[in-house]
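Accompanying notes for the structure given below.
Where a number appears in this text, it was derived from the coordinates with a stated rule and is not lab data. Since the model is a prediction, treat every value here as computed from it, not as a measurement. A quick note on method: Cβ atoms are made from the backbone with ideal geometry, for glycine too, and the neighbour counts reach across all protein chains shown.
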Amino acid sequence: MTFLHNIGLYILMLQKMFHKPTKWKVMKELILKDTEDTVINSLGIISFVSFFIGGVITIQLALSTTGSFYPDYLVGYATRETIILEFAPTIISIIMAGKVGSFITSSIGSMRVTEQIDALEVMGINSINYLVFPKVIALLLYPFLISIAMFLGILGGMVACVYGGYSTMNAFIEGIQTDFTPFHMTYAFIKSFVFAFILATVPSFHGYYMKGGALEVGKASTKSFIWTSVSIVVFNFLITQMLLG
Amino acid sequence: MITVKNLKKSFDNKPILKGISCEFEKGKTSLIIGQTGSGKTVFLKSLLGLHKHDEGQIIFDNKDIELMNERQKMELKSNIGTVFQGSALFDSMTIEENVMFPLKMFENMSSDEMLDRVNVVLKRVELENSNKKMPSEASGGMQKRVAIARAIVNNPNYLFCDEPNSGLDPKTAIVIDNLIKEITEELNITTIINSHDMNSVMEIGEKIIFLRNGILEWEGSKKNIFKTDNQAVTDFVYSSNLYKKVRKMYLNQ
């Protein structure tokens, strides 16, 4: 029952997000601030993780294909497919659920605890539009982050492959170019948009409707990370089945 | 003026407000007092529209809040200034931005005009030259003054304060009380304060409403409160020996 109640409340929150819009002059500032908080400030960690995990994926693929009948370019090909199809859009989104998701939940949750949301409401401001809508718009730039993750993941793979002595640069580049399906990029970006919406709204929901004090803000952040990750995994399956299945 | 008629509110079938009727006059400072759990906060939040009441009427200057359309409700809310118990300042904004916030949201003013208005109200609450400080850098008393400045920056008709001097030392609490009273008279607004501070009652209580278990047990002025023989009121107000002595002296005079 609680689960269904929360689903209903979440849908109502999404509906309320488009009512009584905040003045554009103020909204513009909020969008810029949320873009900095959620997208720009995540560039460092995303770049770091993508580069090294790309390297690890390549080493593991190279080790399991060495000395066999597999062609040399296979490592580059498999690295590209793994990173574009799954690592960049999905795994990075789960990492972002921890970084951005808990930031959103704790910042909105703290505003709830310290009556700042009540202050917005008594002024006649639609607090859901004021707090959640700019995050949704800011995260429309999320596919840009995913593109960077894809590029650096493949670059990390190439560095590990060439300098680790697993294959040559030419073979790796040949692998990257072999059997490239442009629709896989479309599929990855469709997933990224859906995950961006989940990343903006699910943590906001947990922060906005939390009750209690500082301890509960921490609990809400943990809960938000779990539900954001679960939603990403479930939608990942559904989108994959619909678009590639 | 705010008129409340037979206001009822319950949570999970547990009645919290059991039919409160009263009036709050313009230009006067009215205090709602009562023990913890008496329904003070629910009453104040119902007046503010944060809780939807089950029965009864809340009338702001002859306009029933229930009969207002969305635009009228918005207009009314932009005419209400609120000081929350914990100040509720926006952490991510400077003091200047906090005070400017209602102007940015509701007024069509240029940046210079807004800044001038902010400086006027900050001066009024004796916080000039604090514009660029963050709320976390301000003391409890300063935060309350910023909250008052934010509440009055767009010249509201109504001012609501939820325990404005809780957590403050007695001297600062009196400063805040007097500031609210002076602003009420200067701007000729309807001010309602939710308090359990007896100093506030004695200092600024032009009209006092005593709530007990969700009903209006007693109402009167700070002079009447000395003379009342209502047992519940005297038990609450004169619970300390000091106030008992003060009352005795007043009655002997």
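Apply the Karplus parameterisation 6.51 cos²θ - 1.76 cosθ + 1.60, with θ equal to phi minus 60°, to every residue of segment B:200-212 and state each ³J(HN,Hα) to the nearest whole Hz, in sequence, with x for glycine and proline.
Once rounded to whole Hz, the list reads 4, 4, 6, 7, 10, x, 6, 9, 10, 10, 9, 9, 9.
Sort out for me the Cα centre separation of segment A:77-139 from segment A:19-40, rounded to whole Å.
Each part reduced to its Cα centre gives a spacing of 13 Å.
Arrange the following residues from fewest to most other Cβ atoms within 10 Å of their Cβ: B:Cys22, A:Cys161. If you can, show how the numbers build up before the last one.
Details: B:Cys22 17, A:Cys161 25.
Going from least to most buried by this count: B:Cys22, A:Cys161.
What list of ³J(HN,Hα) couplings, whole Hz, do you get for segment A:214-221 from phi and the Karplus terms 6.51, -1.76, 1.60, once you set θ to phi - 60° and write x for glycine and proline?
My calculation for segment A:214-221 gives 4, 4, 5, 5, x, 5, 4, 5 Hz in order.
Could you run the Karplus curve 6.51 cos²θ - 1.76 cosθ + 1.60 with θ = phi - 60° over segment A:71-80 and give me ³J(HN,Hα) per residue in whole Hz, x for Gly and Pro?
With coefficients 6.51, -1.76 and 1.60, one gets x, 4, 6, 4, 4, x, 4, 5, 4, 4 Hz.
Could you compute the FRET efficiency for A:Leu215 and A:Ile173, with r as their C-beta to C-beta distance and R0 at 41 Å, rounded to 0.05?
On the way: r = 53 Å, r/R0 = 1.29.
Efficiency at R0 = 41 Å is approximately 0.20.
Take the Cα coordinates of segment B:89-155, assign each an equal point scatterer, and use the Debye formula without solvent to give log10 I(q)/I(0) at q = 0.12, 0.23, 0.28 Å⁻¹.
Debye intensities relative to I(0), on a log10 scale: -0.24, -0.90, -1.33.
May I ask for the angle, rounded to the nearest 10°, between helix A:43-65 and the longest principal axis of chain A, with both axes built from Cα atoms and the value confined to 0 to 90°?
Tilt relative to chain A: about 30 degrees.
For chain B, take the convex hull of the Cα atoms, compute a quarter of its surface area, and give me that in nm², please.
Across all orientations, chain B yields a mean hull projection of 14.5 nm².
Could you name the aspartates and glutamates in cross-link range of B:Lys133, using Cα to Cα under 12 Å and dropping any fewer than eight places away on the same chain?
B:Asp91, B:Glu96, B:Glu97
Over all directions, average the projected area of the Cα convex hull of the protein assembly as shown and note it in nm².
Answer in nm², one decimal: 29.5.
Roughly what angle does helix A:24-38 make with the longest principal axis of chain A, taking Cα atoms, 0 to 90 degrees, to the nearest 10?
40
Consider all pairwise Cα distances in chain A and report the whole-number % of them above 22 Å.
Here the tail beyond 22 Å accounts for 58 percent of pairs.
At 24 angstrom or more along the helix axis (alpha-carbon based) and mean Kyte-Doolittle of -0.5 or higher, what helices does chain B contain? Whole DSSP H runs only.
Those that clear 24 Å and a mean of -0.5 are B:170-187.
Taking amide H positions as placed in the peptide plane 1.01 Å from N, state which residues far from B:Trp218 in sequence (5 or more) or on other chains have amide H under 5 Å from it.
Hits under the 5 Å cutoff: B:Phe210.
Remind me, relative contact order of segment B:89-155 in percent, using alpha carbon pairs under 8 angstrom and six or more residues apart?
Taking the mean separation of contacting Cα pairs over the length of segment B:89-155, I get 52 percent.
Please work out the FRET efficiency for the pair A:Phe69 and A:Leu4, using the Cβ-Cβ distance as r and a Förster radius of 51 Å; give the result to the nearest 0.05.
Calculated value: 0.40.
Long-range amide H contacts for B:Leu159: which residues qualify at under 5 Å (H placed 1.01 Å from N, peptide plane, sequence gap of 5 or more or a different chain)?
Residues meeting the criterion, in which the H sits 1.01 Å from N, are B:Gly81, B:Thr190, B:Thr191, B:Ile192.
Pull out the extension gain between A:Val234 and A:Ile11, defined as 0.36 nm times the separation in residues minus the alpha carbon to alpha carbon distance; nm, one decimal.
That pair, A:Val234 and A:Ile11, stretches by 78.5 nm at full extension.
For a 18 Å ceiling on Cα separation, which of these pairs sit above it: B:Lys28/B:Lys181; B:Lys26/B:Lys181; A:Lys211/B:Lys40; B:Lys28/B:Lys73?
Too far apart for the 18 Å limit: A:Lys211/B:Lys40; B:Lys28/B:Lys73.
Efficiency by 1/(1 + (r/R0)^6): what FRET value for B:Lys63 and B:Asn119, r their Cβ-Cβ distance, R0 = 35 Å, to the nearest 0.05?
0.55
So, in Å, what gap is there between the alpha-carbon centers of segment B:199-253 and segment B:103-148?
35
Could you pull out which residues in segment B:184-201 have an amide N less than 17 Å from a spot 7 Å beyond the Cα of B:Tyr250, following the Cα-Cβ vector?
Answer for this model: B:195-201.
Using 0.36 nm per residue, how much length does the chain from A:Gln60 to A:Ile137 gain when fully extended, once their Cα-Cα distance is taken away?
Extra length available between A:Gln60 and A:Ile137 comes to 23.9 nm.
Sort B:His196, A:His206, A:His5 so the one with the fewest other Cβ atoms within 10 Å of its own Cβ comes first.
A:His5, B:His196, A:His206
What order do you get for B:Tyr250, B:Tyr158 when you list them from fewest to most C-beta neighbours inside 10 Å?
Going from sparsest to densest Cβ surroundings: B:Tyr250, B:Tyr158.
Please give the length that would be gained between B:Glu23 and B:Asn199 if that part of the chain were fully extended, namely 0.36 nm times their separation in residues minus their C-alpha to C-alpha distance (nm, one decimal).
Residue separation times 0.36 nm, minus the Cα-Cα distance, leaves 61.1 nm.
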